[in-house]
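One structure is given below, encoded as C-alpha coordinates.
The values are calculated or read from the model by the stated rules, or taken from the named source; none is laboratory data. From a predicted model like this one, the values you see are computed outputs, not experimental measurements. Positions of Cβ are backbone-derived with ideal geometry, glycine not excepted, and every protein chain shown enters the neighbour counts. The protein model used for the area step is the full one, side chains on, heavy atoms only, and it has no ligands, DNA or RNA in it. Shrake-Rupley method; radii C 1.70, N 1.55, O 1.52, S 1.80 Å.
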Amino acid sequence: MTNAVGTGFIKLSDGTVLKLRILIIDVKEAGFSPFGGINFDVKTAGGVSTHGVPEELKRAVADKPLAPPEPPVDGWEIIDIIEQEPAVAEEIVDTSKGKYRVKVVAEAVMASRNMKYRSRHNEPIYWVSWVLKISWKPLEKQKT
(Lines give C-alpha, C1' and ligand atoms only; values in the text may rest on other atoms or scores of the structure.)
Protein backbone atom coordinates (compact mmCIF):
# COMPACT_ATOMS: atom_id res chain seq x y z
CA MET A 1 0.00 0.00 0.00
CA THR A 2 1.15 3.52 -0.73
CA ASN A 3 -0.08 6.37 1.41
CA ALA A 4 -0.31 10.09 0.66
CA VAL A 5 -1.07 12.55 3.44
CA GLY A 6 -3.39 15.35 2.40
CA THR A 7 -3.24 18.94 3.54
CA GLY A 8 -5.84 21.58 2.82
CA PHE A 9 -6.32 25.19 3.84
CA ILE A 10 -9.35 27.08 5.15
CA LYS A 11 -9.53 30.88 4.92
CA LEU A 12 -11.88 32.52 7.43
CA SER A 13 -13.60 35.89 7.25
CA ASP A 14 -11.41 37.26 10.08
CA GLY A 15 -8.27 36.73 7.96
CA THR A 16 -7.15 33.56 9.73
CA VAL A 17 -5.94 30.61 7.66
CA LEU A 18 -6.33 27.14 9.14
CA LYS A 19 -4.62 23.96 8.02
CA LEU A 20 -6.70 20.77 7.67
CA ARG A 21 -4.85 17.46 7.41
CA ILE A 22 -6.35 14.08 6.64
CA LEU A 23 -4.65 10.70 6.76
CA ILE A 24 -5.82 7.27 5.66
CA ILE A 25 -5.06 4.88 8.52
CA ASP A 26 -6.42 1.66 7.01
CA VAL A 27 -8.53 0.35 4.14
CA LYS A 28 -10.22 -3.06 4.21
CA GLU A 29 -12.62 -4.85 1.91
CA ALA A 30 -16.14 -4.81 3.33
CA GLY A 31 -18.42 -6.77 1.01
CA PHE A 32 -20.13 -5.96 -2.29
CA SER A 33 -20.78 -2.53 -3.77
CA PRO A 34 -22.25 -1.50 -7.13
CA PHE A 35 -19.19 0.77 -7.42
CA GLY A 36 -16.65 -1.62 -8.89
CA GLY A 37 -18.05 -4.71 -7.17
CA ILE A 38 -16.31 -4.09 -3.88
CA ASN A 39 -17.02 -1.99 -0.80
CA PHE A 40 -14.37 -0.52 1.50
CA ASP A 41 -14.18 0.27 5.19
CA VAL A 42 -11.88 3.29 5.33
CA LYS A 43 -10.40 4.45 8.64
CA THR A 44 -9.12 8.02 8.73
CA ALA A 45 -7.64 10.53 11.15
CA GLY A 46 -7.54 14.27 10.77
CA GLY A 47 -6.98 17.52 12.53
CA VAL A 48 -7.01 21.29 12.24
CA SER A 49 -4.37 23.80 13.29
CA THR A 50 -3.75 27.47 12.72
CA HIS A 51 -1.55 28.32 9.76
CA GLY A 52 -1.74 32.11 10.00
CA VAL A 53 -3.57 34.41 12.42
CA PRO A 54 -3.68 38.21 12.00
CA GLU A 55 -1.60 40.05 14.62
CA GLU A 56 -4.57 42.12 15.81
CA LEU A 57 -6.39 38.90 16.79
CA LYS A 58 -3.34 37.65 18.68
CA ARG A 59 -3.12 40.97 20.55
CA ALA A 60 -6.84 40.80 21.38
CA VAL A 61 -6.45 37.49 23.23
CA ALA A 62 -2.93 37.93 24.65
CA ASP A 63 -4.21 38.61 28.19
CA LYS A 64 -7.01 36.02 28.09
CA PRO A 65 -6.79 32.77 30.06
CA LEU A 66 -5.48 29.64 28.40
CA ALA A 67 -8.24 27.47 26.96
CA PRO A 68 -9.06 24.40 29.06
CA PRO A 69 -8.41 20.91 27.61
CA GLU A 70 -12.11 20.53 26.74
CA PRO A 71 -13.79 23.21 24.60
CA PRO A 72 -15.22 25.94 26.86
CA VAL A 73 -18.99 26.41 26.69
CA ASP A 74 -18.91 30.22 26.54
CA GLY A 75 -17.56 32.71 24.02
CA TRP A 76 -18.11 30.91 20.71
CA GLU A 77 -19.08 32.77 17.57
CA ILE A 78 -19.69 31.24 14.15
CA ILE A 79 -17.27 32.58 11.57
CA ASP A 80 -17.61 32.36 7.81
CA ILE A 81 -15.42 30.16 5.67
CA ILE A 82 -14.67 32.34 2.66
CA GLU A 83 -12.35 30.04 0.74
CA GLN A 84 -10.82 26.59 1.08
CA GLU A 85 -8.59 24.04 -0.56
CA PRO A 86 -9.80 20.58 0.53
CA ALA A 87 -7.39 18.06 2.02
CA VAL A 88 -7.00 14.99 -0.20
CA ALA A 89 -5.41 11.64 0.65
CA GLU A 90 -5.19 8.64 -1.69
CA GLU A 91 -4.10 5.07 -1.25
CA ILE A 92 -3.65 2.18 -3.68
CA VAL A 93 -4.93 -1.10 -2.22
CA ASP A 94 -4.68 -4.70 -3.40
CA THR A 95 -8.05 -6.45 -3.20
CA SER A 96 -9.64 -9.73 -4.22
CA LYS A 97 -10.75 -7.91 -7.40
CA GLY A 98 -7.44 -6.25 -8.24
CA LYS A 99 -5.93 -2.88 -7.37
CA TYR A 100 -8.12 0.06 -6.42
CA ARG A 101 -7.39 3.73 -5.79
CA VAL A 102 -9.19 4.86 -2.63
CA LYS A 103 -9.57 8.63 -2.24
CA VAL A 104 -10.59 10.67 0.80
CA VAL A 105 -11.45 14.36 0.46
CA ALA A 106 -11.95 16.41 3.64
CA GLU A 107 -13.87 19.69 3.37
CA ALA A 108 -14.69 22.14 6.15
CA VAL A 109 -18.40 22.95 6.49
CA MET A 110 -18.53 25.16 9.63
CA ALA A 111 -16.07 27.15 11.72
CA SER A 112 -16.30 28.83 15.10
CA ARG A 113 -13.97 31.16 16.98
CA ASN A 114 -13.55 31.91 20.68
CA MET A 115 -11.94 35.22 21.69
CA LYS A 116 -12.43 34.71 25.47
CA TYR A 117 -9.56 32.23 25.64
CA ARG A 118 -6.19 31.82 23.98
CA SER A 119 -4.07 28.95 22.79
CA ARG A 120 -0.50 28.37 23.97
CA HIS A 121 0.55 30.37 20.92
CA ASN A 122 -1.52 33.38 22.00
CA GLU A 123 -4.12 32.84 19.27
CA PRO A 124 -7.91 32.68 19.45
CA ILE A 125 -9.39 29.19 19.75
CA TYR A 126 -10.91 27.81 16.53
CA TRP A 127 -13.20 24.83 16.05
CA VAL A 128 -13.99 23.34 12.64
CA SER A 129 -16.50 20.76 11.50
CA TRP A 130 -15.54 18.87 8.35
CA VAL A 131 -16.96 16.11 6.20
CA LEU A 132 -15.24 13.23 4.48
CA LYS A 133 -16.02 12.25 0.92
CA ILE A 134 -14.73 8.74 0.25
CA SER A 135 -14.58 7.26 -3.24
CA TRP A 136 -12.74 4.48 -5.09
CA LYS A 137 -12.24 3.06 -8.51
CA PRO A 138 -10.34 0.16 -10.00
CA LEU A 139 -6.97 0.98 -11.49
CA GLU A 140 -6.82 0.49 -15.22
CA LYS A 141 -4.73 -2.44 -16.32
CA GLN A 142 -1.51 -1.24 -17.94
CA LYS A 143 -1.01 -2.34 -21.55
CA THR A 144 2.43 -3.79 -22.26
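Side notes on the structure shown:
- Residue order by solvent-accessible surface for Trp127, Trp76 is Trp127, Trp76, largest first, with ligands and nucleic acids left out and a 1.4 Å probe.
- Relative contact order of the chain, pairs being alpha-carbon contacts under 8 Å that are 6 or more residues apart, as %: 27
- Once the C-beta distance of Glu83 and Trp127 is scaled by a Förster radius of 22 Å, the resulting FRET efficiency is 0.75 to the nearest 0.05.
- Largest-first ordering by accessible area, 1.4 Å probe, given options Arg59, Arg118, Arg21: Arg59, Arg21, Arg118
- Dividing the Cα radius of gyration of the chain by 2.2 N^0.38 Å, with N the residue count, gives 1.33.
- The Cβ shell under 11 Å around Val48 holds other residues with a net charge of +2, Lys and Arg each +1, Asp and Glu each -1.
- Computed accessible area, His51, all protein chains, 1.4 angstrom probe, square angstrom: 110
- When the Cα positions of Thr95, Tyr117, Gln84 are compared along the charge dipole of segment 54-144, Thr95 comes out farthest toward the positive end, with charges on each C-beta of Lys, Arg, Asp and Glu.
- Whole-Hz couplings from phi, Karplus 6.51/-1.76/1.60, listed for segment 83-96; x for Gly and Pro: 6, 7, 10, x, 8, 10, 10, 10, 9, 9, 10, 8, 10, 5
- Here the dipole of the chain is about 480 debye; that uses its Cα centre as origin and unit charges on the Cβ of Lys and Arg (positive) and Asp and Glu (negative).
- Protection proxy ranking of 78-86, 105-113 - average other beta-carbon atoms within 10 Å, highest first: 105-113, 78-86
- Neighbourhood net charge (12 Å Cβ-Cβ; Lys/Arg +1, Asp/Glu -1) for Asp80: -1
- Placing unit charges on the Cβ atoms only, positive for Lys and Arg and negative for Asp and Glu, gives segment 1-83 a dipole magnitude near 320 debye about its Cα centre.
- Ranked from largest to smallest solvent-accessible area, with a 1.4 Å probe on the protein heavy atoms, Thr44, Thr16 come out as Thr44, Thr16.
- Histogram of C-alpha separations across segment 83-124, 5 Å bin width, %: 5, 15, 13, 12, 13, 13, 9, 7, 6, 5, 2
- Computed label-point distance, nm, for sites Asp63 and Val109 using a 7 Å Cα→Cβ extension: 4.0
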